[in-house]
Each structure stands twice: as C-alpha cells, then as structure tokens.
Amino acid sequence: MFAQGISLNINYSIGLITFFISLFVIFLWIFLSQKPGMGTILNAIIIAVMIDICLNYVQTPETFLAKILLAFFAIFLVGIGSGFYLIANLGPGPRDGLMTGLQRKTNLPIALVRASMEITVVSIGWYLGGTVGIGTLLFAFGVGPAVALGLFLVNKMFS
C-alpha cells in the first residue's frame with residue numbers, strides 16, 4: 001500500500017518501488033546493528049518481482065467472502081512463513097530485520113512492533129493516494145500477531 005501510494009505519484013511499478021523501499025529499510029538497519037544475509041537480498045528481489053508478476057497475472061477473487069478468506073489465509077501464511085525463514089538464520093527480509101531490530105532495541109512484543117510498522121506505512125500510503133480496503137486493514141493489524149504466532153509455532157516444532 002505504501003509502495004502503491006508512491007507509485008501513483010512517480011509512475012514506477014509497485015514492485016520496483018517496493019525494491020527501493022527495501023534498500024532504504026536495509027539502510028535503516030545500520031542504526032539497529034542489524035546485518036543482512038543472503039535471505040535479506042533474496043527477499044528484497046523476489047518480493048519485488050513477485051508483486052509485479054502477481055499484479056499483472058493473478059486475478060482477484062470475485063466474491064467478498066472469497067476475498068476475506070484469501071486475506072485471512074495470506075496473513076496466516078505470512079506469519080508461518082516468517083517464522084520458518086527467520087528461524088533459519090539466513091538473514092531476515094528488510095521489513096523483518098527492521099522489526100526484529102526495533103523489538104530488540106525497545107523490548108516491546110514482536111506483534112506490537114510489526115503491527116505498528118504496518119499501520120504506519122498504511123497511513124502514509126493512504127495519504128499518498130493508495131487504496132485502503134478491508135484486506136489492507138486486516139493485514140496491517142493482523143500480520144504482527146501472525147508473525148509472533150509463526151515464530152512461536154516454528155520454535156516449538158524445532159526446539
């Protein structure tokens with residue numbers, strides 16, 4: 001949504017904007033003593049490319065119920081996926097590295113840190129003209145708890 005808002009104002013694809021946002025977020029890691037890894041770089045590239053591919057070739061579900069179910073499934077999948085790849089220690093993605101660095105510095109719960117980040121960028125994206133829908137709000141408020149749950153479950157499975 002943040003990338004969409006920027007894209008509406010400078011006429012680059014949402015995926016390309018996402019990639020540049022990722023680079024900026026990685027730069028912010030300097031202040032959090034975070035170090036990127038192979039997973040960090042791959043995440044920035046793969047996510048940016050997949051956004052543009054999906055926006056151009058994947059259709060949105062037709063019914064409201066299908067859209068809501070997809071949103072909940074996506075949030076759950078992001079949470080579980082984040083748990084797996086963060087536990088693998090190959091380097092967090094740009095936003096996850098910012099999340100874990102801020103959590104370490106503030107000692108706040110990971111769910112609160114991630115939700116605060118998402119709500120902030122949704123607000124900025126909305127100000128820039130991005131589309132805010134129910135799915136956007138579900139993700140902004142739900143991904144923090146989903147990541148916390150994903151980390152908890154994956155830790156339990158492999159410890």
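Listed values, structure above:
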| item | result |
| --- | --- |
| Matching residues, the stretch 22-73, being touching a residue at least 60 places away in the same chain (Cβ under 8 Å), in a helix (DSSP H, G or I) and within 12 Å of Arg95 (Cα to Cα) | Ser22, Leu23, Val25, Ile26, Leu28, Trp29 |
| Candidates Gly15, Gly5, filtered to the one that is at pLDDT 95 or above, farther than 24 Å from Ala111 by Cα, surrounded by 15 or more Cβ atoms within 10 Å (Cβ to Cβ) and of a type outside the set (S, T, N, Q) | Gly15 |
| Counted residues, the stretch 102-159 - those being of a type in the set (Ser, Thr, Tyr) and either surrounded by 20 or more Cβ atoms within 10 Å (Cβ to Cβ) or touching a Lys or Arg at 6+ places or on another chain (Cβ under 9 Å) (or both) | 0 |
| Per-region count, the stretch 92-141, residues in contact (Cβ under 8 Å) with a residue 60 or more places away in the chain, in a helix (DSSP H, G or I) and either in contact with a Phe, Trp or Tyr (Cβ under 6 Å, 6 or more places away or on another chain) or over 29 Å from Asn11 (Cα atoms) (or both) | 9 |
| Residue satisfying all of: in the stretch 30-69; among the aromatic types (Phe, Trp, Tyr) and at pLDDT 95 or above; surrounded by the fewest Cβ atoms within 10 Å (Cβ to Cβ) among these | Tyr57 |
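The values are calculated or read from the model by the stated rules, or taken from the named source; none is laboratory data. Note that the structure is predicted; figures quoted are calculated from it, not measured. Quick reminder, even Gly has a Cβ in these numbers, built from the backbone with ideal geometry, and neighbours come from all protein chains shown.
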